[in-house]
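One structure is given below, encoded as structure tokens.
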Amino acid sequence: MANRVSFAVEDDQDAANHLERLRSALSDHRRVSITYLAASRDESTERDVDPMRVVQVGGYWYLEGWCHRADDVRLFRLDRIEALTVLDQDGTPPEHATSRPIGPGVFRPSEQDELVLLVLEPSAAWVVEQFPVESVVELADGYLEVGIRVADPQWLTRLIWRLGGQARVVSPASLVESIRHAAQTALALG
């Protein structure tokens, strides 16, 4: 006897409606306009997207598509889509738009993402297990030098703040300065 598998879309009626409308947009090759909550920045943005597929990973549904704002392929979690409109406009992605492998962790770095060099204290070694890293060099006393691709500098800033003094950005210099400036601003406000 075969086992039956059932699932719900995050128990969220909006996400279920988005899924249904996105499947329709995909089959009709229609562009969609979305208002998307970028949780990493706690900011809503307007985006026009040519849908490529909808996939479920780790219990969440995602739209993968060509984002005209980013001019690149992006993933959007359905439960973070605040509004969705199917446009009466061709939604065929550009020929060079290719799907990325999707699995646990969802984020897959690309060559276009900035390569950042971090030095981690031993207590922050978990970063290597939690995020896709490009290189790891063991230094003295259990410290690690880690190369990691970063698509969103604000995400990196939050990670460094979360780690407190357990990590520092070595390069690129522009990010070192940006994080230093953000920390000084936060301290001045506190």
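Just so it is clear, none of the values below were taken in a lab; they were calculated from the coordinates. Every value quoted in this text rests on a predicted model; they were computed, and no experiment measured them. Here the Cβ is made from the backbone with ideal geometry for all residues, glycine too, and neighbour counts use every protein chain on show.
Arrange 111, 121, 177 by Cβ neighbour counts within 10 Å, fewest through most, would you?
On the way: 111 6, 121 16, 177 11.
Listing 111, 121, 177 from fewest to most nearby Cβ atoms yields 111, 177, 121.
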Under a 5 Å amide H to amide H cut-off, with H placed in plane at 1.01 Å, what residues pair with residue 61 once short-range neighbours are removed?
78, 79
Between rounded, prolate and oblate, where does the stretch 106-190 land on the alpha carbon gyration tensor, with a ≥ b ≥ c its root eigenvalues, rounded for a/c under 1.5, else prolate if a/b exceeds b/c?
oblate
Taking the stretch 109-190, which trypsin sites (Lys or Arg not before Pro) meet the DSSP loop condition and have no more than 15 other C-beta atoms within 10 Å?
none
HN-Hα J couplings of the stretch 138-150 from phi, Karplus 6.51/-1.76/1.60, θ = phi - 60°, integer Hz, Gly and Pro as x?
7, 9, 5, 6, x, 6, 10, 9, 10, x, 9, 7, 10
Using θ = phi - 60° and the Karplus relation 6.51 cos²θ - 1.76 cosθ + 1.60, list the HN-Hα couplings for the stretch 79-91 in order, rounded to whole Hz, with x at every Gly or Pro.
6, 9, 7, 7, 8, 9, 10, 7, 8, 8, 9, 4, x
